[in-house]
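To start, the structure itself, in structure tokens.
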Amino acid sequence: MVIASSASMSKTSGYTGAIVVASVLVTPAHAQTPVPDPRPRPTVSLQIVVNDHSGTALEGVGIGVSGTESRRASTDARGLAIVPVPPGTYRLRFERERFITLERDVTIGRGQPAKVMVALDAALPPPPSPPAPAPAAVPLATPEPAPTAAAAAGGPPIHVSIPEFLDKNFIGRDPLKESVLGCTAGATTRVLQLRDSLALHTHADVDEILYVVAGDGVVRVRDETMMLAPGSLTVIPRGLPHATERRGRNPLIVLSTLAGAACPAAPRAETSGSSR
């Protein structure tokens, strides 16, 4: 039988106490490790209904959702699409063949039902191709005329699909976008996309012809107010002060021909901002 001395027992007891204290000090450090929250982010069912202006549901409308998260969807035969998204702010983009592309901003709240209803403007069909010119008759030989002052330069022949052009050059959030499509020695044709109004102004030496492609608005000529809607045509003689205003949520898109205005220096240039 071995009997340990009191000094040995005391020393052993001291080691044991140190181990116990160390264990007590180390254990809480493991208990404080953060645990990831396994719960998924809450979502809201965003119901989107797309019709044309006659109230007919539009199937196959592509919907792009960008913002807090990004989504893609398309409408069914009822013109309906349901997109689950977390609460936040989003931009919706609606695209369908033969319709003008539309964008809209929405804010989705937590625990609130969300429903968005939009109506798309039908795009005008592209104009038919011009008929082939008749063969020119062979002219008789004539002496060349004396040289004269150079005629005003004209631009090249232009053939544009307006729906395709607008799809690639949509105004976005700019107040005004002006795009020159083509010109001759005596006229310039451009596309004006308006979110803000055009202030009262006058063309001293050109006549202006406005044809509405999409959107609604009014044009004021002197004291007369004329409504603008898709398919409407307005002729404004030179020298008459006039102003143009957009009405509704969508941009006002018009073809503007300035009769008497020769080609600008850059006939295909595009500008954003104020215009006359």
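The values are calculated or read from the model by the stated rules, or taken from the named source; none is laboratory data. Predicted model only: the values in this text are computed from it and were never measured. Methodologically, a virtual Cβ is constructed for each residue, glycine included, from the backbone with ideal geometry; neighbour enumeration extends over all protein chains shown.
Where residues in the stretch 61-76 are in a loop (DSSP other than H, G, I, E, B) and at pLDDT 95 or above, which of them is surrounded by the most Cβ atoms within 10 Å (Cβ to Cβ)?
To start, the set of residues in the stretch 61-76 that are in a loop (DSSP other than H, G, I, E, B) comprises 61, 68-70, 75-76.
Those left that are additionally at pLDDT 95 or above: 61, 75-76.
Numbers: V61: 23, T75: 21, D76: 13.
If we take residues in the stretch 61-76 being in a loop (DSSP other than H, G, I, E, B) and at pLDDT 95 or above, then V61 is surrounded by the most Cβ atoms within 10 Å (Cβ to Cβ).
Please work out which one of (1) of a type in the set (K, R); (2) at pLDDT 90 or above; (3) under 26 Å from the mean Cα position of the chain (by Cα); (4) not in a strand (DSSP E or B) is the condition R246 fails and give its number.
Status for R246: all satisfied but (4).
Restricting attention to strands (runs of 3 or more DSSP E) lying wholly within the stretch 155-226, give those where 2 or more residues are touching a residue at least 24 places away in the same chain (Cβ under 8 Å) and among the polar types (S, T, N, Q). Lay out the reasoning, then the answer.
Working: elements: 176-183, 187-194, 198-201, 207-214, 216-221.
In the stretch 155-226, the matching strands (runs of 3 or more DSSP E) lie at 187-194.
For (1) of a type in the set (S, T, N, Q); (2) on the phi < 0 side of the Ramachandran plot; (3) surrounded by fewer than 19 Cβ atoms within 10 Å (Cβ to Cβ); (4) at pLDDT 90 or above, each residue gets a yes or a no:
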residue	(1), (2), (3), (4)
G154	no, yes, yes, no
I162	no, yes, no, yes
L166	no, yes, no, no
I171	no, yes, no, no
I209	no, yes, yes, yes
P237	no, yes, yes, yes
L255	no, yes, yes, yes
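Tell me whether the stretch 30-41 contains one or more residues that are assigned to a helix (DSSP H, G or I), at pLDDT below 90 and over 27 Å from G248 (Cβ atoms). Before the answer, list the steps.
First, pick out the residues of the stretch 30-41 that are assigned to a helix (DSSP H, G or I): 30-31.
Those left that are additionally at pLDDT below 90: 30-31.
Narrowing the set further to residues that are over 27 Å from G248 (Cβ atoms) leaves 30-31.
Yes, that holds for at least one residue.
Could you list, in sequence order, all residues of the stretch 77-89 that are touching a Leu at 6+ places or on another chain (Cβ under 8 Å) and either under 16 Å from R249 (Cβ atoms) or buried (at least 17 other Cβ atoms within 10 Å of the Cβ) (or both)?
Residues of the stretch 77-89 that are touching a Leu at 6+ places or on another chain (Cβ under 8 Å), as a first pass: 79, 82-85.
Within the stretch 77-89, G79, V83, V85 meet the criteria.
Just one of R104, R93 is assigned to a strand (DSSP E or B), surrounded by 13 or more Cβ atoms within 10 Å (Cβ to Cβ), modelled with pLDDT of 95 or more and not assigned by TED's automatic domain parsing to the domain that holds K168; which is it?
On the way: R104 fails: modelled with pLDDT of 95 or more.
After ruling out the rest, the residue left standing is R93.
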